[in-house]
């Protein structure tokens, strides 16, 4: 019986102590009509060997392609030590650190994580994680509404440069509390249009929201937008790629006083793309706002002997105490992923992360440059971090299919969400891609374009 | 035993370079967009990282090392094979936006997981996307609201919640723009039906219930509760936190629930990870199927799987995550369910309930004050230490700390709030009788000590890496990030 | 036995009210309340100008274990909050009737002041509820 340790003797002894003849009697309070006696819809049990064969077969049908996909999930090299340590049973099978004395490992790790995130973003206080970047953005919108007392608005000005799925999730999660998203257009350089922003002068919004880099890979000039937002009683929410933060000016240094809430997707920090999850969302805010920040927070204190120690703090904001007036309903977050990210950041350090960022930028530059030499192909925007928009003279879907047949995931087709860009593909060449991979991509593209030209 | 904060180990210029990029490539980004100073991150060697985090792990309690009878958390063994197979490289390396043709293995697992979840709950449709129980609750209440709105029934904005409910329930009601209306629990542990009849009406969107309840007993009048709420036009939401007690024995659908969430990190043994990631998949009956959060796995033809999105479910409440939820966690749950099989699932509830009732009787016989001791325990039960607190001044909190010294993680304390000085104890099915006996012996020992040497109990823990922590200071003198200067020598 | 000064009025939610010469009222929580809450770590106060009806939640007092609402004992507008509470929320525990005052309100309906209890009535309330 998998994972049930009881012997017949155990069962007999236990039933005797309880004073019943069989385990069936233990369910005698359940109304008769509700009890079922079998689960026909569930297959019979497999052994470890059996499930191993099954999963290997299933896995064998997947993958096997070289990926140039980004669009919110990024493949980076992950040092071996990261998951070796994160998979230790003491991290993997530990519970939420409510009993602080039995959880100093997890608590100290989260404190170190919080410190690293404040360093990366340049803001003051980090939480212990949210579910993912998209839901973190939704929570940031809700937080901005709670915090912004000057403006009673529940409207957010959100750049078109923010990941379209993040905007959809913010609507789905924030809609129940009346959150409304109004779009800010992009300029010809693929960045938030400052002139368009200024046209909202006189209207009330809780916050202006920018992604850095944008979903299209471009790099925002955030200072003017930040100052304008603050001058008009709006908060600033940033959604930053954390690898990019090793290189780019962090949101804490935007404009005169910096962004107010920084959130985003932590997956690039030591977490494989893993078919879409689990990832983790991060959130960091300026100190005056911290009581409205959702999620757990770890604080450093001392014990009764004066020894330093760590504990969950400011829990009065959370669901288990504040209940209907909690800042959010979040309980379980993404603890194990934070563990991996903290180890990853410790191994790479600032210099390692910066070099990774630069390598990604260089690889994407190389790919974009070579593609632009093909007829009918151009690079849409001049300045980008590690993703570039490549324009073609024909719909990209067929091209993506053709490269797929050659074992290459060509990139993200932008025609659904950004039709104004024409036949456009978002490509990403990270540190995980080699020059050979890039050359193969270019050759496959040339071949596919020639072929369809000839057809 | 304590471990310095990793920044204290930093030395300027120290690197762990084996995986790092060798040469610094040139870039074409304007200077004005770049940061001036590098972020403060550790500067340590790989060996220092390995030692530091390994030692940190050794400061933790975990299921792998200690018994964790946390009520409502279902801290059962997390099988290693689930982790190993979920981390097969093809699953880990697959980009979520990659071609579905190269994801059929993963999608087939997800489809089968959906089917199995239907088969254990009696629901007709499942969405795997919510990333934790709380997100599942959000999805459930949002679907209930969407259902009423679709019927032009716009007055319904009250969610009924028992006073013993988990805090996420009323918090979720608020997140969905509803008001939480509390009803009391009766003295025998069942929801107060008269109170329920008084609060239902045209403003009732629905009720959120756990069954067995957070008091550790089965809600015997559940069919009547369903009847009352449905007649008033409301829907029923099942908080699946306690599903372990009835897995394979009762279908939530049969109890009258319209929507449920299942905590895969509880019932289906995915790892707790020090606070997540979890998964709060939702199941619905036909009434709500159109509103499920997307994406969902569909099947076209015998052997081909696809994602169903907003196009396929135009009334969906939308997306709750950037991709499709905690994929790796879903894989672990799938593997666990295949290992249990149809008989194994029924054994889960059988032995979880056996262990709880046995431990409960041991403590009743030892003279502890057990709530609802005349009723059957589900997979958990409550001990009230109010009497002992009155007699000795030793509280549930003191018991919890004293248990740590004896090598046990404490049970859930002070929840549900209805029972004073309570311990909510859930042994789960993966513990041996000997472990349960040892735990009972530890509680008896602490009680004895409370009577003879209460100061010693109050001094617990003594053997953990830290003594009791000053959490008032933690909240008043906020130290939430390391501020020290890195060493330069 | 908690302290119940004679010169104040009280609400059943354990708030005290002191009528000032200029017609405004100063509001705080009683000794009984601060003892029940435990050591406060934070007090969330309203902004000047915010108006409340009697019984509205207007302040949140936060301890490590709980965050509790404090209700407006009378209807009115907030004139000022105690500026010392930002750095020293423990003043509420140490000196609930003096240094730990919470807000000053301008009452909009003087009749409501008569609905409050006097010290003797409040002391009786405490005795009856075992506090």
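Hey, does the range A:392-399 have a residue that's within 14 Å of chain B (Cβ to nearest Cβ), closer than 23 Å to residue A:432 by Cβ and either within 24 Å of the chain's Cα centre (by Cα) or in a helix (DSSP H, G or I) (or both)? There is at least one residue in the range A:392-399 that is within 14 Å of chain B (Cβ to nearest Cβ), closer than 23 Å to residue A:432 by Cβ and either within 24 Å of the chain's Cα centre (by Cα) or in a helix (DSSP H, G or I) (or both).
The helices (runs of 4 or more DSSP H) located wholly in the range B:125-228 that include 1 or more residues which are touching a strand residue (DSSP E or B) at 6+ places or on another chain (Cβ under 6 Å) and buried (at least 24 other Cβ atoms within 10 Å of the Cβ) occupy B:133-150, B:168-175. When residue B:245 is tested against (1) crowded, with 24+ Cβ neighbours inside 10 Å; (2) farther than 17 Å from residue B:126 by Cα; (3) in contact with a strand residue (DSSP E or B) (Cβ under 6 Å, 6 or more places away or on another chain), exactly one condition is not met: (3).
Here is the figure for the range A:31-43: residues that are over 43 Å from the mean Cα position of the chain (by Cα) and at the interface with chain B (Cβ under 7 Å from one of its Cβ atoms) total 1. Within the range C:76-83, the presence of at least one residue that is away from every other protein chain (no Cβ under 13 Å), under 15 Å from residue C:45 (Cα atoms) and surrounded by 23 or more Cβ atoms within 10 Å (Cβ to Cβ) is confirmed.
Scanning the range A:161-191 for residues that are over 15 Å from residue B:317 (Cα atoms), within 14 Å of chain B (Cβ to nearest Cβ) and in contact with a strand residue (DSSP E or B) (Cβ under 6 Å, 6 or more places away or on another chain) yields A:162, A:180, A:181, A:190, A:191. Residue count for the range B:259-283 under the criterion of being closer than 21 Å to residue B:335 by Cα and assigned to a loop (DSSP other than H, G, I, E, B): the result is 14.
From the list B:288, B:331, B:359, B:339, which one is under 25 Å from residue A:132 (Cα atoms) and either more than 9 Å from every other protein chain (Cβ to nearest Cβ) or touching a residue at least 24 places away in the same chain (Cβ under 8 Å) (or both)? It is B:331. Here residue A:53 fits the description: under 34 Å from the mean Cα position of the chain (by Cα), surrounded by fewer than 17 Cβ atoms within 10 Å (Cβ to Cβ) and more than 8 Å from chain B (Cβ to nearest Cβ).
Here the strands (runs of 3 or more DSSP E) wholly within the range B:284-389 that include at least 2 residues being within 23 Å of residue A:274 (Cα to Cα) and touching a strand residue (DSSP E or B) at 6+ places or on another chain (Cβ under 9 Å) are B:296-299, B:305-308. Of the strands (runs of 3 or more DSSP E) that lie entirely inside the range C:1-53, those containing 1 or more residues that are over 22 Å from residue C:118 (Cβ atoms) and either within 13 Å of the chain's Cα centre (by Cα) or at pLDDT 90 or above (or both) span C:40-44. Which residues, counting only those in the range B:96-110, are over 13 Å from residue B:300 (Cα atoms) and under 26 Å from the mean Cα position of the chain (by Cα)? Residues satisfying the conditions are B:96, B:106, B:109, B:110. Looking only at residues of the range B:94-111 that are in contact (Cβ under 8 Å) with a residue 24 or more places away in the chain and more than 7 Å from chain A (Cβ to nearest Cβ), we find that the one that is surrounded by the fewest Cβ atoms within 10 Å (Cβ to Cβ) is B:100.
Residues are listed down the side, and each one gets a yes or a no for (1) over 25 Å from residue B:163 (Cα atoms); (2) free of Cβ contacts under 8 Å to residues at least 60 places away in the same chain:
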| site | (1), (2) |
| --- | --- |
| B:373 | no, yes |
| B:384 | no, yes |
| B:406 | yes, yes |
| B:429 | yes, no |
| B:437 | yes, no |
| B:444 | yes, no |
| B:464 | yes, no |
| B:469 | yes, yes |
| B:473 | yes, yes |
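Residues in the range B:357-382 that are in contact with a helix residue (DSSP H, G or I) (Cβ under 6 Å, 6 or more places away or on another chain), surrounded by 24 or more Cβ atoms within 10 Å (Cβ to Cβ) and within 17 Å of residue B:438 (Cα to Cα): B:357, B:358, B:359. Residue by residue through the range B:441-464, note down the ones that are assigned to a loop (DSSP other than H, G, I, E, B) and surrounded by fewer than 18 Cβ atoms within 10 Å (Cβ to Cβ). Within the range B:441-464, B:453, B:459, B:462, B:463 qualify. Scanning the range B:31-61 for residues that are more than 36 Å from the chain's Cα centre (by Cα) and within 7 Å of chain A (Cβ to nearest Cβ) yields a count of 4. For the range B:176-200, the candidate set comprises residues that are at pLDDT below 90 and touching a helix residue (DSSP H, G or I) at 6+ places or on another chain (Cβ under 6 Å); within that set, the residue that is farthest from residue B:242 (Cα to Cα) is B:177.
Checking each residue in the range A:3-37 for being more than 26 Å from residue B:338 (Cβ to Cβ) and touching a strand residue (DSSP E or B) at 6+ places or on another chain (Cβ under 7 Å) picks out A:30, A:34. Residue A:144 satisfies every condition listed in (1) in a helix (DSSP H, G or I); (2) surrounded by fewer than 23 Cβ atoms within 10 Å (Cβ to Cβ); (3) more than 9 Å from chain B (Cβ to nearest Cβ) except (2). Taken over the range C:74-111, the criterion of being touching a helix residue (DSSP H, G or I) at 6+ places or on another chain (Cβ under 8 Å) and farther than 19 Å from residue B:478 by Cβ is satisfied by C:74, C:75, C:82, C:96, C:97, C:99, C:100, C:102, C:107. Filtering the range A:61-72 to residues that are modelled with pLDDT of 95 or more and surrounded by fewer than 13 Cβ atoms within 10 Å (Cβ to Cβ) leaves nothing. Picking from residues in the range C:26-61 that are touching a strand residue (DSSP E or B) at 6+ places or on another chain (Cβ under 8 Å) and free of Cβ contacts under 8 Å to residues at least 24 places away in the same chain, the one that is nearest to residue A:316 (Cα to Cα) is C:60.
The values are calculated or read from the model by the stated rules, or taken from the named source; none is laboratory data. None of these values were measured; they are calculated from a predicted model. Neighbour counts are summed over all protein chains in view; Cβ atoms, including those assigned to glycine, are modelled from backbone coordinates with ideal geometry.
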